[in-house]
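Inspection log for the structure reproduced underneath, given as structure tokens.
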There are 2 protein chains.
Amino acid sequence: MPKPSHIAPQATPPDNPEETVSDKPTYAIGELAEMFEVTPRTIRFYEQEGLLAPERRGQRRIYHDKDRVRLKLTLRGKRLGFTLAEIREVVELYDTMPDGNARQLHRILEILAEKRADMEQRKEDIRLMQNELDDVETRCRAALEGLAP
Amino acid sequence: MPKPSHIAPQATPPDNPEETVSDKPTYAIGELAEMFEVTPRTIRFYEQEGLLAPERRGQRRIYHDKDRVRLKLTLRGKRLGFTLAEIREVVELYDTMPDGNARQLHRILEILAEKRADMEQRKEDIRLMQNELDDVETRCRAALEGLAP
DNA sequence: GTTCTGCTTGACGTTAACGTAAAGTGAAGA
DNA sequence: TCTTCACTTTACGTTAACGTCAAGCAGAAC
């Protein structure tokens, strides 16, 4: 359990509902970094690239669950080989959507279709690569048999 | 049909079996580049990185089907987000295998297992990403409905 | 107070994967 | 012979995605 803050005892009912005891969790940059096994530098860089926009408390960055999810999506995108620019393109869809006009919404559907096709291509590449791996393994085991019969 | 070479007429039986008319196809660097929609520079770079080792006829590079397949595998690896170093690691398996000793062969099996796990992770990432796309599309269409009911 | 942490902003460095420009070669066609 | 064309090497340039200091601040601990 974390030690109680030095400001105001727990028992006092909070005048600000945002500061309730069982509030949504927040994270410092270091916590988030450790959580995802990246460096704080990486997280700041993603912010600079428009992928994150954490709250500021004084000069410190405060990350909420919303930001944590965004970071997770970003890292997943990276594993899929997307550039940060491409990832931002998708991430911004979330922001654009609520108040997007019809033209923007149709544009989003276009991008989605592209990404979908991309995913299918990747799945095919994976399938072929797995075949390659199977092939190499088979021949490798055969070579081992040949060595020690 | 390609024009006959200026050296020796076709009718003459070839003294070198390597130069038979219906020989295995070869490619110049430009042909291969166009074939895969990359630049010659890229192909030379892959050679420099140890991914290709084409035959030399004079100063020119001559690519055979073996090289074409390697390039195809390399580009597929790239689409999967592997670095050239990682791809080389796999490609070298082919070369190591024929005369590999038991220890090398077991090492190969290790690497194969790693790559396999990697593929599974990628498949999972793709699955999650497709879910995301589905989600965005659903909400996007809902927003469109809200605009023009 | 001072010391220690964990954060902050800047600024320059690094690596991978090519791009690009320059200058030369060699064979084939006009 | 001259030109063209596709190739060659060499070498410096570029972009993305961070890494790596440096110097400084703010609050908690001592």
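The values are calculated or read from the model by the stated rules, or taken from the named source; none is laboratory data. None of the values given here were measured: they were computed from a predicted structure. In this analysis, Cβ positions are derived from the backbone assuming ideal geometry, glycine residues included, and neighbour counts consider all displayed protein chains. Heads up: the accessible areas ignore ligands, DNA and RNA and are worked out on the full protein's heavy atoms, side chains in. Shrake-Rupley method; radii C 1.70, N 1.55, O 1.52, S 1.80 Å.
Taking every pair of Cα atoms in the range B:21-80, average 1/r, invert it to obtain the Kirkwood radius, and report Rg/Rh to two decimals. Intermediate results must be reported in sequence, preceding the final value.
On the way: Rg = 11.3 Å, Rh = 11.8 Å.
Over the Cα atoms of the range B:21-80, Rg/Rh equals 0.96.
Find the chain A residue whose Cβ sits closest to the rotation axis that carries A onto B, and give that distance in whole Å.
A:81, 2
Need one number: buried accessible surface between chains A and B, 1.4 Å probe, both sides summed, DNA, RNA and ligands left out, in Å² to 100. Intermediate results must be reported in sequence, preceding the final value.
On the way: alone 11930 and 11910 Å², together 19850 Å².
Chain pair A/B: roughly 4000 Å² of buried accessible area.
Quick one: pull the percent of accessible area on the range A:97-149 belonging to carbon and sulfur, 1.4 Å probe, ligands and nucleic acids left out.
Within the range A:97-149, the accessible surface is 51 percent carbon and sulfur.
Once you place label points 7 Å from the Cα toward the Cβ at residue A:114 and residue A:24, how far apart are they in nm?
3.0 nm
If a paramagnetic tag sat 7 Å from the Cα of residue B:102 along the Cα-Cβ line, which residues of the range A:119-147 would have the backbone N under 15 Å from that point?
A:141-147
Once the label point is set 7 Å along the Cα-to-beta-carbon vector, what list of distances in nm do you get between residue A:44 and its counterparts in the other copies?
Nearest to farthest, the other copies are at 4.1 nm.
With labels modelled as points extended 7 Å from the Cα through the Cβ direction, what inter-label distance (nm, one decimal) is found for residue B:36 paired with residue A:69?
4.1 nm
What nm distance separates the two modelled labels at residue A:60 and residue A:79, each placed 7 Å from Cα along Cα→Cβ?
Those two pseudo-labels are separated by 3.0 nm.
Tell me, how many Å apart are the Cα centres for the range A:20-91 and for the range B:71-99?
About 33 Å separates the Cα centre of the range A:20-91 from the one of the range B:71-99.
Straight-line reach from residue B:78: which lysines fall under 20 Å, measuring Cα to Cα and dropping same-chain residues less than 8 apart?
Cα-Cα hits under 20 Å: A:78, A:115, A:123, B:66, B:115, B:123.
Place the label 7 angstrom along Cα→C-beta at residue B:79 and in each other copy, then list the distances from the first to the rest in nm, shortest first.
Label-point distances to the other copies, shortest first: 2.1 nm.
Taking each residue in B:84-93, count the Cβ atoms of any other chain within 10 Å of its Cβ, then average. What number comes out?
Per-residue shielding by partner chains comes out at 1.
Hey, got the dipole for the range A:23-149? About the Cα centre, +1 on K and R Cβ, -1 on D and E Cβ, debye to the nearest 20? Don't skip to the answer; put the middle values down first.
Values: 24 positive and 25 negative charges, 112 e Å.
For the range A:23-149, the charge dipole is close to 540 debye.
For the range A:23-149, what percent of Cα pairs sit more than 22 Å apart?
Details: 4407 of 8001 pairs.
Across the range A:23-149, Cα pairs with separations above 22 Å total 55 percent.
From the alpha carbon gyration tensor of the range B:97-149, can you work out the equivalent ellipsoid semi-axes (sqrt of 5 times each eigenvalue) and give them in Å, largest to smallest?
Values: eigenvalues 485, 11, 3 Å².
Working from the Cα gyration tensor, I get semi-axes of 49, 7, 4 Å.
What does the accessible area per residue of the range A:97-149 come to in Å², with a 1.4 Å probe and no ligands, DNA or RNA counted?
On the way: 3200 Å² over 53 residues.
Here the residues of the range A:97-149 average 60 Å² of exposed surface.
List the distances, in nm and shortest first, from the label point of residue B:56 to the matching label points in every other copy, placing each point 7 Å from Cα along the Cα-to-Cβ direction.
6.0
Per residue, how much accessible area does the range B:21-80 have with a 1.4 Å probe, in Å²?
Details: 3750 Å² over 60 residues.
Ligands and nucleic acids excluded, the result is 63 Å² per residue.
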